[in-house]
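No value in this document is a laboratory result; all are computed from the given coordinates. A quick note: this is a predicted structure, and the numbers were derived from the prediction, not measured. Neighbour counts are summed over all protein chains in view; Cβ atoms, including those assigned to glycine, are modelled from backbone coordinates with ideal geometry.
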Amino acid sequence: MESGAIFTGLRPNIIPHHHHQLCPSRSTIKLLPPLYSGKRHFYKLSKQLHFACFSDNSGKNVDTLQVASPSSNVVPELADIDWDNLGFEFMSTDYMYMMKCSQGENFSKGELQRFGNIQLSPSAGILNYGQGLFEGLKAYRKYDGNILLFRPEENALRLRMGAERMCMPSPTVEQFVEAVKETVLANERWIPPLGKGSLYIRPLLMGSGAVLGLAPAPEYTFLIYVSPVGNYFKEGLAPIHLIVETEMHRATPGGTGGVKTIGNYAGVLKAQSAAKAKGFSDVLYLDSVHKRYLEEVSSCNVFVVKDNVIATPSIKGTILPGITRKSIIDVAVSQGYQVEERFVAVDELLDADEVFCTGTAVVISPVGSITYLGKRVSYGRDGVGLVSQQIYSALTSLQMGLTEDNMDWIVALK
Ligand SMILES: Cc1ncc(COP(=O)(O)O)c(C=O)c1O
């Protein structure tokens, strides 16, 4: 869910699209300069312009880099893609970040590499025992050409918390944030123009070393890749429709629901696919003990509004502590709402005024209806609820640099 609906009228300060430069031949690969060293070097230049190609794993040329002196003070050219129709699908970009360390050691030095497939032993811990975590954050293009990250240190801290639970070493907060910055700047031409979307940043931490008996892997890889994205749900800012799942659970007390480990996600696919087959957008999970309290949706947190009170399930080990959730609580309080973090019973959905979901990917997604035990409750008959809209507007204005960052949440890259 991006800015389009609310911020139409604002015109981003961007360069118009240019045609892809055709790669002269695959032999150009030899001419590539040394790997990216932390400074920006994708520029559209009148002088000293070099074209270089690289190939994907099928051996096809997949893209063209324009490489020039890092000191050039010119504006980067946008990738030549259809910016008006971005969804939430993977699109390969130019560079990814990689850093490795052995078990018992600390991560020390990572580097950018051309984006491409990675090699893993069939016996890697991640493949056999699911020893892995991921993160998700976004970079936004500001109207003045700057590039903004939203609270990246929070993602770093959550990764560290998850790594502790999954017996993995993890990068420091500084290493994480630095690596994110480098990766975003190296892929700058893939950041959508203001109002068209954002650059989704996907850090991964995995047990990449070979292990046969169940044990922590002997080697770990921290990797970051990025992809331009638009709306997560096909509904965009339009309300989504949820079904409450009563048989399958996303998490159990004492399990790993509170960290962003990869196994939490494969486990929800069955319920999610069944829901989608019936025309729902996603699934709302209940707690596995009482089967009565709301937990969260497959990949976002949930809020329930009644009068001036906004309630959200408290974080108790089975719910992912969303960074959007945390930010929205602060934004809502600053706007005069009473926010309650507590057990939220499924019955409360019956007389709620509004329900909305939150997450990096969805930002804020208003809920149009929830179906529970065959009964459907609808919300927002007049369109998107007032509270959802107000908070969405406040949060996205901050994320895109349209309002002053009094919270100190924004990291500007230029
Ligand atoms: C299960 C789950 N809950 C909630 C969220 C929202 O978290 P955040 O706001 O940090 O993106 C996510 C997305 O990362 C998620 O995967």
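Annotations for the structure displayed:
- Per-pair calculated FRET efficiency, R0 = 60 Å: Cys167 and Gln390 via Cβ, rounded to 0.05: 0.90
- Net dipole in debye of the range 84-234 [+1 Lys, Arg Cβ; -1 Asp, Glu Cβ; about Cα centre; nearest 20]: 300
- Of the residues Val346, Val305, Val355, the one with the fewest other Cβ atoms within 10 Å heads the list, and the complete ranking is Val346, Val305, Val355.
- Exposure proxy ranking, count of Cβ atoms within 10 Å, fewest first, for Ser378, Ser397: Ser378, Ser397
- From phi via Karplus (6.51, -1.76, 1.60), per-residue ³J(HN,Hα) for the range 320-327 in Hz, x at Gly/Pro: 5, x, x, 6, 5, 4, 4, 5
- Toward the positive end of the charge dipole of the range 84-234, with +1 on the Cβ of Lys and Arg and -1 on the Cβ of Asp and Glu, the farthest Cα among Ile201, Ala217, Thr183 is that of Ile201.
- Set Lys270/Lys326; Lys138/Lys375; Lys100/Lys138 screened for pairs whose C-alpha atoms are more than 30 Å apart: Lys138/Lys375
- Phi angles of the range 397-414 translate, via the Karplus equation with coefficients 6.51, -1.76, 1.60 and θ = phi - 60°, into HN-Hα couplings of 4, 5, 4, 9, x, 8, 10, 5, 8, 6, 7, 6, 9, 9, 10, 8, 8, 10 Hz per residue; Gly and Pro are given as x.
- Aspartates and glutamates with Cα under 15 Å of Lys306, excluding same-chain neighbours fewer than 8 positions away: Glu340, Glu341, Asp347, Glu348, Asp351, Asp353, Glu354
- Residue order, fewest to most surrounding Cβ atoms within 10 angstrom, among Trp83, Trp190, Trp409: Trp83, Trp409, Trp190
- Segment Ala210-Lys109, extension gain: residue separation times 0.36 nm, minus the distance between their alpha carbons: 34.2 nm
- Taking label positions 7 Å along the Cα-Cβ direction at both Ser334 and Asp408, the computed distance is 1.3 nm, reported to one decimal.
- Nonlocal amide H pairs with Val339, under 5 Å, H built at 1.01 Å: Ile310
- 15 Å beta-carbon shell around Asp408, net charge (K/R +1, D/E -1): -3
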